[in-house]
Structures are given as C-alpha cells and as structure tokens.
Amino acid sequence: MAETIKIAVCDDEKNIRSYLVSLIKKQGGECGITEYASADAYLSDGKEHDIIFLDIEMGGSGAGMDGMGLARHIRGMEAQKQPIIIFVTGYEKYVYDAFDVGAFQYLVKPVDEQKFAEVFGRAAGQIISEAEQRKKKLVIQYGGEGKAIPLNDIYYMESRNHNIILYLKDGSMEYYAKIGDLEEELAGQFYRIHRGYLINLFHVEGYDKTEVRMANGDKLLLSRYKYDGFVQAYMDYISEESL
C-alpha cells in the first residue's frame with residue numbers, strides 16, 4: 001500500500017495556501033493536506049506532519065509567532081516526530097536563517113511550478129525512504145535513549161501490565177508501549193493472534209486451531225476469533241516473501 005504523506009501548509013494568505021495545495025495535488029501520490037493560517041492554529045491542532053510548507057513572514061507584523069519562530073518551536077519539541085520544513089518566502093535574505101533551523105529547502109514567492117516539483121519530489125522521496133527503513137527496525141525508548149531493533153530479531157511481543165515484553169534472539173526486553181499502536185505500525189510482518197500477543201510471521205514454525213509455534217520453541221495461544229485472519233495474513237506474508 002502506498003505511503004500517505006502528511007503535509008501542513010502554513011501561510012496567513014489564503015490565496016498562497018490554495019496555490020500551494022494545488023501544486024501538491026499536481027504531484028500525485030497519497031497525500032493528506034492540512035491548512036493553517038497561523039502558528040497558533042498549527043500548534044493548537046497538535047497533529048504530526050511529514051512535511052511543512054511554512055511562510056517565514058507569517059504573523060510577523062505583531063499578529064503572533066512568525067514562521068521562523070514556529071520552526072524553532074517545532075525543532076525544540078524533541079519528543080515529537082520531526083518534520084521536513086520547506087520555507088516559502090518572498091525574500092531571499094532569509095536563506096541563512098532557514099538553514100539555522102534545519103530547513104530542507106526554501107522556495108521564493110511567487111513559487112515556480114518546476115522548482116516546487118523538484119523540491120517536493122526530493123522531500124517525498126526522503127519521507128518514503130525513511131518509512132521503509134522504519135518498517136525494517138523497531139525504534140523504542142529504552143533506558144532513557146532510543147534503541148533500534150531489527151524486526152527479524154524479534155520473535156514476538158507480549159502485552160503485560162501496560163508494558164510490552166519483546167522476546168528476542170538474545171533474550172527479552174520490557175518497555176512502555178501500547179500493543180495496539182505496535183500492531184498498526186508493524187502490520188504486514190506482525191500479526192496479533194491474541195489480545196496479549198503480537199507475533200512476527202517471519203518466525204512462525206507451525207500452527208493449529210489453538211496455538212502458534214514460534215522458532216524459539218514457544219507455543220502461543222491463538223484466539224479462535226483470530227484464526228482465519230491469522231491464516232490469511234500468514235499466507236499473504238509467505239507469498240510476498242517468495243516473490
């Protein structure tokens with residue numbers, strides 16, 4: 001399934017927002033677009049985005065936080081997923097400020113369609129590439145730091161007391177997470193066979209109507225309500241892996 005790219009268009013001029021939205025739609029691909037007329041509107045919405053088209057001068061005349069201020073605020077939100085920022089500005093003098101906040105690129109108004117397509121293509125390519133990489137590794141917060149675990153090192157996961165226990169090739173690991181979120185994030189290679197178990201289809205050794213046998217020897221309860229869905233997911237996974 002195509003990766004849906006979540007895009008924010010932040011500009012206090014409605015005609016500019018509409019123009020940028022029309023350019024995004026011309027690029028094709030799966031995109032979810034949200035418009036914001038101010039920094040306050042963006043922040044109060046609380047959504048995460050993959051790409052932000054951000055007007056540097058937005059609100060700069062005393063009407064609140066300007067675009068550069070919003071960019072700095074976003075970069076300071078360490079716990080939140082960091083988006084690609086593409087500045088849209090009427091003045092090239094802001095280029096150095098743009099790179100101070102790790103901007104991906106800047107576009108000068110009036111925005112040239114060809115330049116937009118080139119910048120958007122590179123940004124979208126980076127988002128899709130990162131999404132593919134995330135599918136191959138599970139990134140968790142463990143011991144106060146980020147840890148990336150190759151998916152094929154995980155036999156299965158168990159939900160217990162609001163925590164997740166990972167059963168790995170080299171032991172086990174417990175951390176705070178919700179099994180429902182992991183089920184959604186890892187769909188395709190992992191399947192939830194029971195309310196408490198999310199298994200790696202790569203490591204399935206066998207199964208019957210009531211249990212699944214994993215490569216590490218563990219036998220896990222298979223919910224009768226999940227049986228048909230599990231068999232279908234497992235067959236789909238095996239077929240895809242054999243291509």
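The values are calculated or read from the model by the stated rules, or taken from the named source; none is laboratory data. This one's a predicted model, so the numbers in the text were calculated from it and none came from an experiment. Here Cβ is always computed from backbone atoms with ideal geometry, including for glycine, and neighbour counts include all displayed protein chains.
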query = Could you list, in sequence order, the residues of segment 140-169 that are exposed (fewer than 12 other Cβ atoms within 10 Å of the Cβ) and either farther than 21 Å from residue 212 by Cα or aliphatic (A, V, I, L, M) (or both)?
reply = 143, 144, 145, 146, 148, 150, 161, 162
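Identify, from the list 22, 38, 18, 44, the residue that is over 17 Å from residue 106 (Cβ atoms) and buried (at least 18 other Cβ atoms within 10 Å of the Cβ).
Details: 22 fails: buried (at least 18 other Cβ atoms within 10 Å of the Cβ); 18 fails: buried (at least 18 other Cβ atoms within 10 Å of the Cβ); 44 fails: buried (at least 18 other Cβ atoms within 10 Å of the Cβ).
None of the others qualify; the one that does is 38.
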note = By my count, strands (runs of 3 or more DSSP E) wholly in segment 37-118 with at least 3 residues that are at pLDDT 90 or above and small (Gly, Ala, Ser) are none
ask   = Is it fair to say residue 33 is out of contact with any Pro (no Cβ under 7 Å at 6 or more places or on another chain), closer than 17 Å to residue 127 by Cβ and assigned to a strand (DSSP E or B)?
value = yes
key: Given (1) touching a Leu at 6+ places or on another chain (Cβ under 7 Å); (2) more than 18 Å from residue 155 (Cβ to Cβ); (3) not hydroxyl-bearing (Ser, Thr, Tyr), index of the condition residue 208 fails   = (1)
Residues of segment 167-198 classified as under 23 Å from the mean Cα position of the chain (by Cα), aromatic (Phe, Trp, Tyr) and more than 16 Å from residue 230 (Cβ to Cβ), total = 2
key: Odd one out for residue 198, checked against (1) exposed (fewer than 14 other Cβ atoms within 10 Å of the Cβ); (2) modelled with pLDDT of 95 or more   = (1)
ask   = Scanning for something on the phi > 0 side of the Ramachandran plot and in the same structural domain as residue 122 (by TED's automatic domain parsing), does segment 30-40 turn up at least one residue?
value = no
